[in-house]
Amino acid sequence: MSRFLSRRFQEIEPYTPGEQPQDMQYIKLNTNENPYAPSSKVLRAINTEALENLRLYSDPEIKELTSTISEYYGVNPNQVFVGNGSDEILAFAFQAFHDEKQEVCFPEITYGFYQVFSELYQVPNRKIPLTKEFQINIEDYLGCKKNIILANPNAPTGICLPLSDIEEILKSNPEQLVMIDEAYIDFGGESCIPLLKKYDNLLVIQTFSKSRNLAGARIGFAVASKEVIEDLNKIKFSFNPYNVNRLSMVLGKAAMEDEDYFRQCTNEIIHTREKISMGLKTLGFEVLPSKANFIFARHPQIKGCDYFKKLREKGILVRHWADTPITDFVRITIGTYEQMTSFYQVTKQILER
Ligand SMILES: *Cc1c(COP(=O)(O)O)cnc(C)c1O
């Protein structure tokens, strides 16, 4: 730390991303990326013209990609906001809708960035424990007088709330903004975007990083009322009007237009998830019921950190958190069928020793 850092930031604990080893010799099951390359249509979307146009700034209104997204979800283009990854949108939302009086609440065990943004933007927060089964108890959020942010499915548990629960929360908090982070919704959950027809206190955030094979392109989007989207734009245009680069706009549009490939990849991942979950259960693991592209699992005979280290020695990366009460668990991203077969064999060997 230099002696120049503002006192405001001295205590902040930044987000720790999963490892991104650059030598690529690992089976990488640690950051919930899609194991499949983007569709061939996406690969072909970048031509010489697109590259030559890089001399120009990108469209600050992101018109084309916004229009593709709005058509896909059947909403008005003025209800869509595109960000440089959904993390950027979360950051804008923490800034736009909170202050020392307008607090936010979220589950005690959830996506780590909510806590980080809450500290960075000095938003008071309340963390609500999960049940013993690692579920979100929606009663805790009914009429709670704070803005709410929920990852649905939740991370790192993978457990998904039904639409009816989200609706209860929206209905009971008409004066609060309810932000639903649907980073993993395409792996078996039901998006709450249709609830926007009935509720104007909803902000839905999604990403191209997981289900649309484009983590490296950094594209996220939000769908909400026109007014909420205007507020996000107010922050964006006060910070970085060209927040999404030209190439990513082209890639994102092509990815969203290739519905067949999207279905094929997500179905494959769901299928593999169900298979590996069953396999791990036969080995004695407890596997939480996941609707995401990862599973969260623990075994009574091995500590989470030991299992993590042993997998790593064998060239397999997963994610482990030292925090109680999830320290016994590891989070395993669903890779290709072949990767998961190797993972399963290695796990069996580890348990046999
Ligand atoms: C991966 C993830 C994000 C971030 O996605 P980007 O669009 O890559 O920034 C946001 N929320 C949750 C819950 C995630 O798991």
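Look at the range 68-91 and say how many of its residues are within 18 Å of the chain's Cα centre (by Cα) and part of a helix (DSSP H, G or I).
Kept after step one, since they are within 18 Å of the chain's Cα centre (by Cα), are these residues of the range 68-91: 69, 80-91.
From the residues that got through so far, the ones that are part of a helix (DSSP H, G or I) too are 69, 86-91.
Going through the range 68-91 one residue at a time, the tally reaches 7.
One line per residue, one yes/no per condition, for (1) within 16 Å of the ligand (Cβ to nearest atom); (2) modelled with pLDDT of 95 or more; (3) farther than 14 Å from TYR73 by Cα:
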{"site": "GLY189", "(1), (2), (3)": "yes, yes, yes"}
{"site": "PRO194", "(1), (2), (3)": "no, yes, no"}
{"site": "VAL204", "(1), (2), (3)": "yes, yes, no"}
{"site": "GLY216", "(1), (2), (3)": "yes, yes, yes"}
{"site": "SER238", "(1), (2), (3)": "no, yes, yes"}
{"site": "ALA255", "(1), (2), (3)": "yes, yes, yes"}
{"site": "ASN267", "(1), (2), (3)": "no, yes, yes"}
{"site": "HIS271", "(1), (2), (3)": "no, yes, yes"}
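I'm trying to understand the selection: among the residues of the range 21-47, which are surrounded by 13 or more Cβ atoms within 10 Å (Cβ to Cβ), within 25 Å of the chain's Cα centre (by Cα) and part of a loop (DSSP other than H, G, I, E, B)?
Selection gives TYR26, LEU29, ASN30, THR31, ASN32, GLU33, ASN34, PRO35, TYR36, PRO38, SER39.
Working only within the range 72-120, note down all residues that are open to solvent by less than 10 Å² (accessible area, probe 1.4 Å), of a type outside the set (A, V, I, L, M, F, W, C) and in contact with a Pro (Cβ under 8 Å, 6 or more places away or on another chain).
Matches in the range 72-120: PRO107, SER118.
Being modelled with pLDDT of 95 or more and part of a loop (DSSP other than H, G, I, E, B) is the filter; apply it to the range 92-108 and report the residue that is farthest from the chain's Cα centre (by Cα).
Applying the first criterion (modelled with pLDDT of 95 or more) to the range 92-108 yields 92-98, 102-108.
This time we only want the ones that are part of a loop (DSSP other than H, G, I, E, B), so: 97-98, 102-103, 108.
Numbers: PHE97: 20, HIS98: 21, GLN102: 24, GLU103: 22, GLU108: 16 Å.
The extreme case among them is GLN102.
Answer yes or no: is there a residue in the range 138-147 that is open to solvent by 20 Å² or more (accessible area, probe 1.4 Å), away from the ligand (no atom under 12 Å from the Cβ), more than 17 Å from SER70 (Cα to Cα) and among the polar types (S, T, N, Q).
no
Residue pairs, Cβ under 8 Å, 6 or more apart or interchain, first in the range 98-119 and over 19 Å from ALA292 (Cα atoms), second small (Gly, Ala, Ser) and modelled with pLDDT of 95 or more. List them.
Partner pairs satisfying both residue conditions: VAL104/SER118; PHE117/ALA91.
State all residues of the range 218-236 that are more than 12 Å from the ligand (Cβ to nearest atom), open to solvent by 10 Å² or more (accessible area, probe 1.4 Å) and either of a type in the set (Gly, Ala, Ser) or under 20 Å from GLU259 (Cα atoms) (or both); if no residue qualifies, say none. So that I can check it myself, show each step before the final result.
Keep residues of the range 218-236 that are more than 12 Å from the ligand (Cβ to nearest atom), which gives 223-236.
Among the residues that remain, those that are also open to solvent by 10 Å² or more (accessible area, probe 1.4 Å) are: 225-228, 230-231, 233-235.
If the condition is that a residue be more than 12 Å from the ligand (Cβ to nearest atom), open to solvent by 10 Å² or more (accessible area, probe 1.4 Å) and either of a type in the set (Gly, Ala, Ser) or under 20 Å from GLU259 (Cα atoms) (or both), then SER225 is the only one that fits.
So, in the range 98-119, of the ones that are acidic (Asp, Glu) and under 21 Å from PHE9 (Cβ atoms), which residue ends up nearest to the ligand (Cβ to nearest atom)?
In the first step, residues of the range 98-119 are kept if they are acidic (Asp, Glu); the result is 99-100, 103, 108, 119.
Those still in the list that are under 21 Å from PHE9 (Cβ atoms) too: 99-100, 103, 119.
Details: ASP99: 23, GLU100: 25, GLU103: 20, GLU119: 17 Å.
Top of the filtered list is GLU119.
The values are calculated or read from the model by the stated rules, or taken from the named source; none is laboratory data. Worth saying up front: this structure is predicted, and the values here are computed from it rather than measured. For neighbour counting, all protein chains shown are included, and Cβ atoms are generated from backbone atoms with ideal geometry for every residue, glycine included. The protein model used for the area step is the full one, side chains on, heavy atoms only, and it has no ligands, DNA or RNA in it. Shrake-Rupley method; radii C 1.70, N 1.55, O 1.52, S 1.80 Å.
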